[in-house]
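Peer 1: Have a look at the structure that comes next, please.
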Amino acid sequence: MKTNMEDTTALEEGLARLLVEDGDFRVLEREFGQFCPFEALGMVRSEVRHGNFLAYLLNPDRPHGFHTKVLRAFLMSVAKKASLSGANSHLKPLDVHLLEIEEADVRREWRNIDLLVVLPSAKIVILIELKIDSMQGGDQLERYRKIVQSEWPAAIGWRHINVFLTKYEEAPLDIDYWQPLRIFDLAKDLEGVADAHGEGPATETFRAYLRMLRRHHLEDERLEEIARKIWAHHKEALSFLADRRPDAVGNLFDVIKDRKSEIESAINDVGLTLIPDTDHRANTRFAFKSWDKLPQFRTSTWTESKRLILLELKREGQKFNAYLYLGPGEEFSRNEYVVLLEKKRLHRPNARAGKDWMCLAKSEIFGARSDDEIDFEMSIELIKKSLQIFSRKIFDHFDPILNTLLTRLGPAT
């Protein structure tokens, strides 16, 4: 049997092999150790700064040296995405080659719209809504679309292309009028521009921006493969380091629990009344106040409040997920809710319901790629906005269903 001294020596040797001898680890060090002006400027998760830089690059008149190449690559990315998805778009890949875009009018934050590109000779106007780590507002996309339509009416020949440019796969709420485009797909087309442009300060700055995107926001197959190889050869050393990594995600969750009243206020802002329920180490719970009047509702054995249905925000690894759960309770009373809700679930409605737990709805609320770069205030605002959307959705879906119990069984006594 190994002694503690032998285990310590083996771990030290493993760390030395990882840090000193492993060539793949050297590659990662070079990738993440080089100076990045965009990281230094705090741009990684700042949508405003991303928008400013993209507007600069898209504008053919700016002195970046790319002339129309970046704008044409962007338009091609939009056209290819529409072609692959079968979407009905005013822009086809062949059109992009033929368009005269030298006189493009690129606007930033016009009427609060992230980016707007007007192509006068083609009578095309392109509305771009950019989302890095934030969520779309309830009527935001529809409102922006109508503003642009009123300024450049289709009745006099203007064609409208609305691009929802996002980090995550997220369907636009105004889906019939918007075309989703992932930043991952756009970055691949922009990398082609950088590779074809030759060397120079502008090209290197452009490449630094694209490297920053890949490190922090996009999947990079090359780096993923290097990481897999390093884990295969140095599992013990990496596990030791991972177990001792500062837990910024956990700290953020603790802050969320401390500022629970802010979440309640945010939900109340969309016309709902949310009240606190119990907290545990990795979750915090809320209840919809109006559901307390439901018959046999407070018969649960789940929490001290005895509510059968609770909204739960749970930390799961690097993510915060929100759930609406029907918890355990007195069998007769709980069964009334199971029968009513089982086939009306928003999460896996055809799955078999558990004896004690039934997940009615689920949504990812927050995901962190790097513990070291969590902006707490921005993250809290994102979490509040995401919970607003999720709460409104689940309440609007389940409240009419649950209220049928009032008709059938009468209010709680």
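Peer 1: Just to make sure I understand: if all protein chains stay in place, what is the order of TYR168, TYR56 by accessible area at 1.4 Å, largest first?
Peer 2: Listed by decreasing accessible area, they come as TYR168, TYR56.
Peer 1: Shifting gears a bit: Quick one: if you take sqrt(5λ) for each eigenvalue of the C-alpha gyration tensor of the stretch 63-207, what semi-axes come out, biggest first, whole angstrom? List each step's numbers first, then the result.
Peer 2: Values: eigenvalues 117, 67, 46 Å².
Semi-axes from the Cα gyration tensor: 24, 18, 15 Å.
Peer 1: If you don't mind, another one. Contour minus end-to-end for GLU316 and ILE147, with contour as 0.36 nm per residue of separation and end-to-end as the Cα-Cα distance?
Peer 2: Extra length available between GLU316 and ILE147 comes to 56.8 nm.
Peer 1: Can you give me the Cα centroid spacing of the stretch 67-138 and the stretch 379-405 in angstrom?
Peer 2: 33 Å
Peer 1: Taking the highest mean first, how do the peptides 198-204, 177-183, 291-297, 374-380 order by number of other beta carbon atoms within 10 angstrom per residue?
Peer 2: 177-183, 291-297, 374-380, 198-204
Peer 1: Something else about it: Give me the accessible area per residue for the stretch 53-122, probe 1.4 Å, as a whole number in Å².
Peer 2: Roughly 50 Å² per residue, with all protein chains present.
Peer 1: Set the Förster radius R0 to 30 Å, insert the Cβ-Cβ distance between ALA202 and ASN112 as r into 1/(1 + (r/R0)^6), and round the FRET efficiency to 0.05.
Peer 2: Computed FRET efficiency for ALA202 and ASN112 comes out at 0.50.
Peer 1: Evaluated at 37 °C with a viscosity of 0.692 mPa s, what Stokes-Einstein diffusion coefficient in µm²/s does the stretch 281-413 have when Rh comes from the Kirkwood expression over alpha-carbon pairs?
Peer 2: Once the numbers are plugged in, D ends up at 208 µm²/s.
Peer 1: When only Cα pairs under 8 Å and 6 or more residues apart are kept, what is the percent relative contact order across the stretch 45-133? Walk me through the numbers before you get to the answer.
Peer 2: Numbers: 112 pairs, mean separation 23.4, N = 89.
It rounds to 26 percent for the stretch 45-133.
Peer 1: At a threshold of 8 angstrom on Cα-Cα distance, excluding pairs fewer than six apart, so keeping six or more, what relative contact order does the stretch 121-214 reach in percent?
Peer 2: Values: 95 pairs, mean separation 24.6, N = 94.
Relative contact order of the stretch 121-214: 26 percent.
Peer 1: How high is the relative contact order of the stretch 98-163? Use alpha-carbon pairs under 8 Å, at least six apart in sequence, and give a whole percent.
Peer 2: Numbers: 82 pairs, mean separation 19.2, N = 66.
Dividing the mean separation by the residue count of the stretch 98-163 yields 29 percent.
Peer 1: Here's another thing I want to ask about it. With label points built 7 Å along Cα→Cβ from the Cα atoms of ASP399 and ARG214, find their separation and express it in nm.
Peer 2: 4.8 nm
Peer 1: Given N residues in the stretch 66-149, what is its alpha carbon radius of gyration divided by 2.2 N^0.38 Å?
Peer 2: Compactness ratio reported: 1.14.
Peer 1: Given a Förster distance of 30 angstrom, what is the FRET efficiency for GLU262 paired with GLU47, based on the Cβ-Cβ distance and rounded to 0.05? Intermediate values should be presented prior to the final figure.
Peer 2: On the way: r = 21 Å, r/R0 = 0.71.
Rounded to the nearest 0.05, the efficiency is 0.90.
Peer 1: For ALA232 and ASP254, calculate 0.36 nm times their separation in residues minus their Cα-Cα distance, and state this gained length in nm to one decimal.
Peer 2: Numbers: separation 22, 0.36 × 22 = 7.92 nm, distance 3.34 nm.
Between ALA232 and ASP254, full extension yields an extra 4.6 nm.
Peer 1: So, with +1 on the Cβ of K and R and -1 on the Cβ of D and E, and no other charges, what is the size of the charge dipole of the stretch 108-212 about its Cα centre, to the nearest 20 debye? Write down the numbers at each step before the final one.
Peer 2: Values: 13 positive and 17 negative charges, 61 e Å.
Its charge dipole is roughly 300 debye.
Peer 1: Per residue, how much accessible area does the stretch 250-319 have with a 1.4 Å probe, in Å²?
Peer 2: That works out to 44 Å² for each residue.
Peer 1: Over the stretch 324-394, with the other protein chains present, what is the accessible area per residue in square angstrom, probe 1.4 angstrom?
Peer 2: 54 Å²
Peer 1: Pop out the carbon and sulfur fraction of the accessible area of the stretch 58-197 as a percent, whole number, probe 1.4 Å.
Peer 2: Summing carbon and sulfur atoms, their accessible area is 50 percent of the total for the stretch 58-197.
Peer 1: Also: How many nm is it between the label spots at LEU406 and ASP247, if each spot is 7 Å from the Cα in line with the beta carbon?
Peer 2: 4.2 nm
Peer 1: Which order do peptides 323-330, 100-107 fall in by mean Cβ count within 10 Å, highest first?
Peer 2: Final packing ranking: 323-330, 100-107.
Peer 1: Work out the FRET efficiency for GLU331 and LYS289 from their Cβ-Cβ distance, taking R0 = 25 Å, and round it to the nearest 0.05. Could you put the intermediate results ahead of the total?
Peer 2: Values: r = 26 Å, r/R0 = 1.04.
Step by step, r from the Cβ atoms, then E = 0.45.
The values are calculated or read from the model by the stated rules, or taken from the named source; none is laboratory data. The model shown is predicted, which means the values in this text are computed figures rather than measured ones. Note that each Cβ is placed from the backbone with ideal geometry, even for glycine, and that neighbours are counted across all protein chains shown. Surface accessibility is based on the protein's heavy atoms, side chains included, excluding ligands, DNA and RNA. Shrake-Rupley method; radii C 1.70, N 1.55, O 1.52, S 1.80 Å.
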